[in-house]
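> Have a look at this one.
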Amino acid sequence: MGAVKLAVVQSDPAFGAVRENVAAALALIDGAEADVFVLPELFNTGYNFAEAAEVEALAEPADGPTFTAMTAAAIATSSIISSFCCMGNCVAA
C-alpha cells in the first residue's frame, strides 16, 4: 500500500441541528480527494451541552441517521472516521 491521503474536515456545527450539520460535513467531503476523512467529535450535534437531558435527546443509536449517512458516504468515496453523540453501546460490528 502506498501513501494514505488524510483529510481533516472542520465544520461549524449548529447546536442541535443534526440533519443540517451532517449535510454540511458531507458537503465538505464531497469532491475532496482523500483516503481517510477525519471529522471532529460531535460534528453532528454541535457542542456546549448544558445538561444531560440535551445529550440524551441528541444521542443516536449506532444505526441511526448520522452513522447511516457516514456509512453511505464511506462506501461512495473512501474511509470516513467520525464520532457522534451515541446512545448506549455504539461499537459497530
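The values are calculated or read from the model by the stated rules, or taken from the named source; none is laboratory data. Since the model is a prediction, treat every value here as computed from it, not as a measurement. Ligands, DNA and RNA are stripped out before the accessible areas are found, and what is left, the full protein with its side chains, is counted by its heavy atoms. Shrake-Rupley method; radii C 1.70, N 1.55, O 1.52, S 1.80 Å.
> Considering only residues that are aliphatic (A, V, I, L, M) and assigned to a loop (DSSP other than H, G, I, E, B), look in region 1-13 and name the one that is least open to solvent (accessible area, probe 1.4 Å).
Among them, the one singled out is V9.
> Can you name the helices (runs of 4 or more DSSP H) wholly within region 14-84 that have at least 3 residues being open to solvent by less than 20 Å² (accessible area, probe 1.4 Å)?
18-29, 65-76
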